[in-house]
Amino acid sequence: MPLPAEFADAVMATTLALLVALAVDRVWGEPPARWHPVVWMGRYLGWAGDRIAPAPADAQRASAWQTALRGALAWLAGALVVGALAWALSRLVSGGPGWLTGLLLGLMLKPMLAWRMLADEVRAVEQALSAGLQAGRDRLAWLVSRDVNRLDEVQVRESAMETLAENLNDSVVAPVFWFLVAGLPGAAVYRFANTADAMWGYRGERGGRVWTWAGCCAARADDLLSWLPARITAALLWLAAPGGRGALNWSRVRSDAALTPSPNSGWPMAALAHLADVRLSKPGHYVLHPAGRTAQAADVTLALRLGGRAVALMVLTAAAALLLAWFPGWPA
């Protein structure tokens, strides 16, 4: 039965937008910082963070619930503004031909996705390692918030692979998931939530502020919004590795994922560890797939290949949906 014309146009526009966003990401990468919506989100979060999180000297006197409430209200205000602006932009470009709406939506969706930058940065860590351990540590510091100064060569490589797996979800799969669920506002609000978690979602002191209560809403919101996409990301990695599908023990992946502090990031990291058959760890916190091999340079290449294939699976799915929307009677 043919789809209603309006629904077919909406599906076509949504799917074309996804293809355009990923194509622009692949060819041009990130827009300049002054035009990047995520940079604007970060500026707001930095400004608000200085006002909701107490300094260490004031933390003992600050009320926990009042601090948490200020954090929740600041998060909600930012999310509402981001969502409203994205909704307004979506409405502005809608109503025309489906192909034009999809093209414009794709250009607006692109800043919410960052696969090329992620892959380039992980690749750069491995290239820096070939020049020396300290060079590798310095490059890794661009990607992670942990102390890199005590990491050895293997641990630097493990951290880069973990970052690739975690941010495959945060920077690609989850924004796409929420775009498909709730359009451009869904992707934008998710990106805001993930950025807020990265800046506010800490226990204890960071950056001269105490975040235990101020950032708890941001951390919980990101946990909720990332829950299903993180597990989808693990499944995409599994599907992207034909030779490893039969060998992947999902019960072990689930057990390893539970070792990480986050209820979500452990899923793609554990899946990658088992699929590549390497040990991934954060010193003093967890070890994923302890029976795996020591990570080598070739394993970083493999991780990048698996990540790229996982992204390609999303593109193929989008292309299939576009075909069905454009030709609603196919297959007859």
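The values are calculated or read from the model by the stated rules, or taken from the named source; none is laboratory data. If you're wondering where the values come from, they're calculated on a predicted model, not measured in any experiment. Glycine gets a Cβ as well: all are built from the backbone with ideal geometry, and neighbour counts include every protein chain shown.
Does segment 198-219 contain any residue that is hydroxyl-bearing (S, T, Y) and under 20 Å from M112 (Cα atoms)?
There is no residue in segment 198-219 that is hydroxyl-bearing (S, T, Y) and under 20 Å from M112 (Cα atoms).
Just for segment 93-138: of the residues that are at pLDDT below 95 and among the polar types (S, T, N, Q), which one is nearest to V311 (Cα to Cα)?
T101
State all residues of segment 1-53 that are acidic (D, E), modelled with pLDDT under 95 and either in contact with a Phe, Trp or Tyr (Cβ under 9 Å, 6 or more places away or on another chain) or crowded, with 18+ Cβ neighbours inside 10 Å (or both); if no residue qualifies, say none.
Result: D9, single match.
Failed condition for D256, given (1) out of contact with any strand residue (DSSP E or B) (no Cβ under 8 Å at 6 or more places or on another chain); (2) in a helix (DSSP H, G or I); (3) surrounded by fewer than 24 Cβ atoms within 10 Å (Cβ to Cβ); (4) not small (G, A, S), with all others met?
It fails just one condition, (1).
Quick one: in segment 85-97, which of the residues that are part of a helix (DSSP H, G or I) and without any contact (Cβ under 8 Å) to a residue 40 or more places away in the chain is farthest from M12 (Cα to Cα)?
A88
Results for (1) at pLDDT below 95; (2) surrounded by fewer than 20 Cβ atoms within 10 Å (Cβ to Cβ), shown as yes or no for each residue.
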position: L184; (1), (2): no, no
position: V189; (1), (2): no, no
position: N194; (1), (2): no, no
position: D197; (1), (2): no, no
position: Y202; (1), (2): yes, no
position: G207; (1), (2): yes, yes
position: C217; (1), (2): no, no
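Just to be sure before I move on: is G83 modelled with pLDDT under 95 and within 23 Å of V181 (Cβ to Cβ) in the structure I sent?
It is false that G83 is modelled with pLDDT under 95 and within 23 Å of V181 (Cβ to Cβ).
Could you check E158 against (1) crowded, with 22+ Cβ neighbours inside 10 Å; (2) in contact with a helix residue (DSSP H, G or I) (Cβ under 7 Å, 6 or more places away or on another chain) and say which number it fails?
Unmet for E158, out of (1) crowded, with 22+ Cβ neighbours inside 10 Å; (2) in contact with a helix residue (DSSP H, G or I) (Cβ under 7 Å, 6 or more places away or on another chain): (2).
Quick one: which helices (runs of 4 or more DSSP H) sit completely within segment 133-235 and have at least 2 residues that are free of Cβ contacts under 8 Å to residues at least 60 places away in the same chain, closer than 26 Å to H274 by Cα and more than 16 Å from the chain's Cα centre (by Cα)?
On the way: elements: 133-140, 153-168, 174-200.
Ranges flagged: 133-140, 153-168.
State whether the residues of segment 73-94 include one that is crowded, with 20+ Cβ neighbours inside 10 Å and over 15 Å from A188 (Cβ atoms).
yes
Can you tell me which residues in segment 248-283 are among the small types (G, A, S) and either more than 19 Å from G307 (Cβ to Cβ) or at pLDDT 95 or above (or both)? Please lay out each step first, then the result.
If we filter segment 248-283 for residues that are among the small types (G, A, S), which is where we start, we get 251, 255, 257-258, 262, 265-266, 270-271, 273, 276, 281.
Of everything in segment 248-283, those that are among the small types (G, A, S) and either more than 19 Å from G307 (Cβ to Cβ) or at pLDDT 95 or above (or both) turn out to be S251, S255, A257, A258, S265, G266, A270, A271, A273, S281.
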